[in-house]
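Enquirer: One structure coming up, written as structure tokens, with questions to follow.
Each reported figure results from applying straightforward, stated rules to the coordinates on display, with no laboratory input. This is a predicted model, so every value here is computed, not measured. Here Cβ is always computed from backbone atoms with ideal geometry, including for glycine, and neighbour counts include all displayed protein chains.
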Amino acid sequence: MDKNWNLITVKEGFYFFGNYVESIEGYVQLTEAAMVSQYSSSAGIAGITKGVTDGKIELHTYGKDKVKTIPMENVLSIDESINLYEYAGATVL
């Protein structure tokens with residue numbers, strides 16, 4: 001089964017990465033989720049999600065079997081992403 005990797009930006013200024021899955025109305029859910037704690041790139045976080053080669057990103061995972069649920073009212077954007085777990089500049093904690 002293909003993954004639907006996405007980066008979710010929320011109002012509080014946090015970024016969450018994971019496999020976007022169907023959710024109950026009013027919420028966004030990610031499996032294999034992680035919170036982005038740090039990133040750097042000449043193209044910003046948007047460049048990292050597209051695979052620029054100069055980026056670095058730190059991901060704090062919630063665990064492979066956990067589901068991260070975010071209220072839609074807190075979501076600013078949902079953006080497609082490469083698999084950041086396989087990104088050369090990724091540190092997964």
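Enquirer: Could you calculate the contour length gain from THR61 to ILE78, that is, 0.36 nm times the residue separation minus the distance between their Cα atoms, to one decimal place in nm? Intermediate values should be presented prior to the final figure.
Expert: Values: separation 17, 0.36 × 17 = 6.12 nm, distance 1.85 nm.
Extending this stretch completely gives an extra 4.3 nm.
Enquirer: With loop defined by DSSP as not H, G, I, E or B, and exposure as at most 13 other Cβ atoms within 10 Å, which is the longest segment of the chain clear of exposed GluC sites (Glu not before Pro)?
Expert: Answer from the scan: 26-93.
Enquirer: Report P(r) for the chain: all Cα-Cα distances, bin width 5 Å, range 0 to the bin holding the largest distance, values in whole percent.
Expert: 3, 15, 26, 27, 18, 8, 3, 0
Enquirer: Got a sec? Charge dipole of the chain, +1 on Cβ for Lys and Arg, -1 for Asp and Glu; which of TYR27, ILE82, THR53 is way out at the positive end?
Expert: THR53
Enquirer: Ok, one more. Averaging sequence separations of C-alpha pairs under 8 Å and six or more residues apart, then dividing by the length of the chain, give the relative contact order as a whole percent.
Expert: Relative contact order here is 33 percent.
Enquirer: Which trypsin sites (Lys or Arg not before Pro) in the range 47-80 pass both tests, a DSSP loop state and at most 16 other beta-carbon atoms within 10 Å? Provide the component values of the computation, followed by the final result.
Expert: Details: sites: LYS50, LYS56, LYS64, LYS66, LYS68; in loops: LYS64, LYS66.
When the trypsin sites (Lys or Arg not before Pro) of the range 47-80 are filtered for loop state and at most 16 Cβ neighbours within 10 Å, LYS64, LYS66 remain.
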